[in-house]
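The values are calculated or read from the model by the stated rules, or taken from the named source; none is laboratory data. Because the structure is predicted, anything quoted here is derived from the model rather than measured. In this analysis, Cβ positions are derived from the backbone assuming ideal geometry, glycine residues included, and neighbour counts consider all displayed protein chains.
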Amino acid sequence: MTEINTKAAARPRTITMTVNGRRYTGRAEPRMLLSDFLRHELNLTGTHVGCEHGVCGCCTVLYNGVPIRSCLMLAVQARNARIVTVEGLANEDGSLHPIQQAFYDNHGLQCGFCTPGFLMATYALLKEHPNLHLTEEEIRVGIAGNLCRCTGYQGIVEAVRQAAKAMKK
Amino acid sequence: MKPAAFAYFDPTTADEAVETLGELGDTGKVLAGGQSLVPMMNMRLAKPEALVDINKVKELAYIHEEDNSFVIGALTRQRAVERSRAVKRRSPLLAEAILSVGHLPIRSRGTVGGSLAHADPAAELPAVLLALDGWVEATSKRGTRRVAAADLLLGPLLTSLEPDELLTRACFPLLPAGSGTAFLEMTRRHGDFALVGVAATVTLDAQGICTRASVAILGAGETQVRAPQAEACLVSNRLDDSVIEDAGQAAMAGLDPIGDLHGSQEYRKQVAGALTQRALKIAWQRALPRSER
């Protein structure tokens, strides 16, 4: 039986992942969270870190197409994964994604701290409903994992509705 | 709010995971979806010396229907159970309860095995397993054993699994024809931890007599608990509103919840009694033939 090497298993390692279609490489100890890896190693600071225990939803990103909390995933777990962050939404020329435009148009944000999480949750929600026909209940359940302390949610729900309409065209 | 350092292992097979856990002795901890363990590590409430990440053990992600049961691999995401048409059709209690587990991004990562092994007293899946008389299977280098739901849950975040054991699958038995089920819980905010919740099942024979009933309550004790006094009110009886009311009262009387900031002991008892009554009423209606509802 081989002796288990816990020392080696705690060392930092090189991690490569695809973020917003681009390949990135960085170093991380096993304990580094994906949210911190994105922000501090890859300098992608659009992903916000709020509560850091999975409650607020600010750090929501797409992991292989699925919405997740990046503060509850280790960077080592995202090795070779496809990640989409809020930086991946707008077009190359800087023009806004229909979801971003809808939040802008409908007062879907005030201070903006929770916004990256809401945008990614909305992105995932609309991707899951290819016909883009959502009831208010479905919208509210879809964004229920994200907290906003400013808006009172009315503007956000309206924004999701507008985004769905805009993306249908 | 950052995890303490740990050694990280990411085996790709269940055998390898069990081997690694065995070598780590009592210093290893299994990481599944991470939706409960990682928050605890972020807050340093948990500081495992070594993590055995089973997310690459794809052989542990499946939903099989066999021997009148759903056998679900430990790594199966809660979201996969939620999306399973077979589960929705054949195990409505599981399908109904899974929707109350966290939010969509949580269920996307959270696993069936993780929820059972974590054993939060307010978690939904242990209550469902308990109500259906299910079991889990645990494997270590010493062998494989089955643990009944009632023997699994020992206390808050405490199970009878040994540190070197890997929970590999869970079995949720199907109920016979003539059964109805319901899952209800009360939360302050959508998707939040439940204050109290109830998983109820009722089985009626052709004459409408109740032959089997189960009530499992979450959030009202050290673990999810069955309410045998309530079940005794129902079995061998023809159900009606007053029998069900008695069962609700009996469930309440048998509980000894812990009061905290979110709800006093008395309040939790009241809610448990009321939810039991409501859940049983729904389960009973669902157990009746369509013509009699």
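I'd like the residue in the stretch B:29-49 that is over 22 Å from the mean Cα position of the chain (by Cα), more than 9 Å from chain A (Cβ to nearest Cβ) and in contact (Cβ under 8 Å) with a residue 24 or more places away in the chain and, out of all such residues, is farthest from A:Gly50 (Cα to Cα). Among them, the one singled out is B:Pro48. A:Arg27 falls short on exactly one of the conditions (1) under 26 Å from B:Thr27 (Cα atoms); (2) in contact (Cβ under 8 Å) with a residue 12 or more places away in the chain; (3) within 12 Å of chain B (Cβ to nearest Cβ), and that condition is (3).
Table: residues versus (1) under 23 Å from B:Asp205 (Cα atoms); (2) of a type outside the set (Lys, Arg); (3) surrounded by 18 or more Cβ atoms within 10 Å (Cβ to Cβ).
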{"residue": "B:Glu245", "(1), (2), (3)": "yes, yes, no"}
{"residue": "B:Ala250", "(1), (2), (3)": "no, yes, yes"}
{"residue": "B:Lys269", "(1), (2), (3)": "no, no, yes"}
{"residue": "B:Leu280", "(1), (2), (3)": "yes, yes, yes"}
{"residue": "B:Pro289", "(1), (2), (3)": "yes, yes, no"}
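Checked against (1) out of contact with any strand residue (DSSP E or B) (no Cβ under 9 Å at 6 or more places or on another chain); (2) within 29 Å of A:Val55 (Cα to Cα); (3) more than 14 Å from every other protein chain (Cβ to nearest Cβ), B:His103 passes all but a single condition, namely (3). If we scan the stretch A:62-78, do we find a residue that is in a loop (DSSP other than H, G, I, E, B), surrounded by 16 or more Cβ atoms within 10 Å (Cβ to Cβ), within 12 Å of chain B (Cβ to nearest Cβ) and at negative phi? Yes, there is a match, as at least one residue in the stretch A:62-78 is in a loop (DSSP other than H, G, I, E, B), surrounded by 16 or more Cβ atoms within 10 Å (Cβ to Cβ), within 12 Å of chain B (Cβ to nearest Cβ) and at negative phi. Scanning the stretch A:133-147 for residues that are surrounded by 15 or more Cβ atoms within 10 Å (Cβ to Cβ) and either basic (Lys, Arg) or more than 13 Å from chain B (Cβ to nearest Cβ) (or both) returns A:Leu134, A:Arg140. Look at the stretch B:210-225: where a residue is buried (at least 24 other Cβ atoms within 10 Å of the Cβ) and a partner is assigned to a loop (DSSP other than H, G, I, E, B) and polar (S, T, N, Q), sitting 6+ places away or on another chain with Cβ atoms under 9 Å, you get B:Ala216/B:Gln224; B:Ile217/B:Gln224; B:Leu218/B:Gln224.
Identify, from the list B:Thr20, B:Thr12, the residue that is polar (S, T, N, Q) and within 10 Å of chain A (Cβ to nearest Cβ). So that I can check it myself, show each step before the final result.
On the way: B:Thr12 fails: within 10 Å of chain A (Cβ to nearest Cβ).
From the options B:Thr20, B:Thr12, the qualifying one is B:Thr20.
Applying the set (1) at pLDDT below 95; (2) more than 23 Å from B:Gly102 (Cα to Cα); (3) within 14 Å of the chain's Cα centre (by Cα) to B:Ala148 leaves exactly one unmet item: (1).
Among the residues here, B:Lys58 does not qualify as of a type outside the set (Val, Ile, Thr), surrounded by fewer than 21 Cβ atoms within 10 Å (Cβ to Cβ) and within 8 Å of chain A (Cβ to nearest Cβ).
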